[in-house]
Structures are given as structure tokens and as C-alpha cells.
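Structure first, commentary second.
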Amino acid sequence: MDKYLICGLGNPGHEYEGTRHNTGFMVLDAFAKASNIVFEDKRYGFIAETTIKGRKIILLKPTTFMNLSGNAVRYWLNKENIDQSRLLVISDDVALPLGAFRLKGNGSNGGHNGLGHIQQLIGQNYARLRMGVGNDYPRGGQIDWVLGHYSEDDMKVLQPAIDLGVDIIKSFVLAGLDITMNQFNKLGKK
């Protein structure tokens, strides 16, 4: 059976729920809810599993904190013997406007500490879905911004992108990266 690892980046703990930096967790939570599955606390992360058309999907929300996300990703790729081409990492991105998103097959970490640590451990050839959180912060205010909470109005803009994120995960697993990029990236422009 083909297996896929879908990793949403964020920080564990109630104080981080609903923050911009936890947008990756929010996409996985939406996918789990839509799939009627629940996360269990396992090694290096919260794990939920489901299958779609004979393909096994493992959802991972690392509990390592953002800057050590690579430890969780590498562990679960190895434990489940999943090829890196079947890894999708979902992260927040200040370079994209709120509600925008971009799916890519590889590339730099864009200054994102979670992606940076994953890249240190496994290289940069893995798919990533970057979810825009905007950058309406003063110079030097990036950390406060990404650890800040979404407002109700923010969520009205973000929710459609989260819902599309769920569809992107399904398409990535069933149709592959290239078709998914062609189909969804045009929808992610703001």
C-alpha cells in the first residue's frame, strides 16, 4: 500500500492554538475533522491515519516545537518507510497575503524556521504547501506577528484557503504533485 506523510507545522500547546504560526496544524485539523479521524499523541507528534482509495495517509502535527520540526518529519518518514516524494509539509508564510497559498515541489525555506530545520535533515526536495498569513507588522515585529492570534475577520479570509488545503491534500495523494499544482495554484493567488 502506498503511504503518504502529510505534516502540518505549528507549535504544541493551548497558548499557540489559533496563531498564524499554527496554520499548518489548522489545515490538518480540518482534514481530520472532514475524514472523521482523531489525533493520538505518539513519538515526536500527534498522529492521525486514514486511507483514500487504497492509499494510506499519515497526518503529523509535530510536538517538537517549530524550530525542531525536522526531527519529527525524519522520524516518521523512516518509521513508516515513506519516500520523500510522498511527503507534503504545510506551513504559514508571511511572504503571501492572508488567504493566499502556493504549492511547490521543492525550494528554499523562505526564512521559515520549521522548513529550515526539515531542510537541514532531509534536504529541500519535498512538496510544501505555503499558507499566506500576511505581513502587516512593523519592522522587527515578525515573531510577534506569527505568534499572534487570528481575529474573527482574519478567519473569514483564511477559512476558504484551509478548506482548499484539505482538497489539496487529497489531490496530492490521488493525482500527484504536478496535477495538484496545476489545478490549485491558480486558486491560491490573492
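Please tell me the relative contact order of the chain in percent, rounded to the nearest whole number, where contacts are Cα pairs under 8 Å and at least six residues apart.
26 percent
Where does the chain land at 222 nm, in deg cm²/dmol rounded to the nearest 500, when only DSSP H runs of n ≥ 4 count, each adding -39500 (n - 2.57), divided by all residues?
-11500 deg cm²/dmol
Set the bar at 30 Å for Cα to Cα. Now go through LYS79/LYS190; LYS33/LYS186; LYS42/LYS186; LYS3/LYS186; LYS42/LYS190; LYS170/LYS190 and name every pair that lies beyond it.
LYS79/LYS190; LYS42/LYS186; LYS42/LYS190
Show the residues, 5+ positions off or on another chain, whose built amide H is closer than 5 Å to the amide H of GLY107.
Counting only residues 5 or more places away or on other chains, the set is TYR126.
Summarise the long-distance tail of P(r) for the range 36-125 by giving the % of C-alpha pairs beyond 18 Å.
Summing the P(r) of the range 36-125 above 18 Å gives 48 percent of all pairs.
Points 7 angstrom from Cα along the Cβ direction at MET155 and LYS79: gap in nanometres?
So the two model labels end up 3.1 nm from each other.
Could you provide, to the nearest whole Å², the per residue accessible area of the chain with probe 1.4 Å?
Here the residues of the chain average 48 Å² of exposed surface.
Search the structure for amide H atoms under 5 Å from the amide H of CYS7, placed 1.01 Å from N in the peptide plane, and list their residues when 5 or more places away or on another chain.
LEU60, LEU88, VAL89, ILE90
Could you tell me the center-to-center distance, by alpha carbons, between the range 24-102 and the range 130-150 in angstrom?
Going from one Cα centre to the other spans 22 Å.
Direction-averaged shadow area of the convex hull around the Cα atoms of the chain, nm²?
That works out to 9.9 nm², a quarter of the Cα hull's surface.
Calculate the dipole size of the chain relative to its Cα centre from +1 charges on Lys and Arg beta carbons and -1 charges on Asp and Glu beta carbons; express the result in debye to the nearest 20.
Here the size comes out at about 660 debye.
For the pair ALA175 and ASP2, how long in nm is the line joining their label points, each one 7 Å along Cα→Cβ?
1.4 nm
Counting DSSP beta bridges in the chain, what percent are antiparallel, to the nearest 5?
In the chain, DSSP labels about 50 percent of beta bridges as antiparallel.
PRE reach from LEU68 (point 7 Å along Cα→Cβ): which of the range 79-111 fall under 19 Å by backbone N?
79
For a distance above 24 Å, tell me the whole-number percent of Cα pairs in the range 78-190 that qualify.
28 percent
The values are calculated or read from the model by the stated rules, or taken from the named source; none is laboratory data. Predicted model, so just to flag it, every value in this text is computed and none were measured. A quick note on method: Cβ atoms are made from the backbone with ideal geometry, for glycine too, and the neighbour counts reach across all protein chains shown. Note: areas computed on protein heavy atoms with side chains; ligands, DNA, RNA excluded. Shrake-Rupley method; radii C 1.70, N 1.55, O 1.52, S 1.80 Å.
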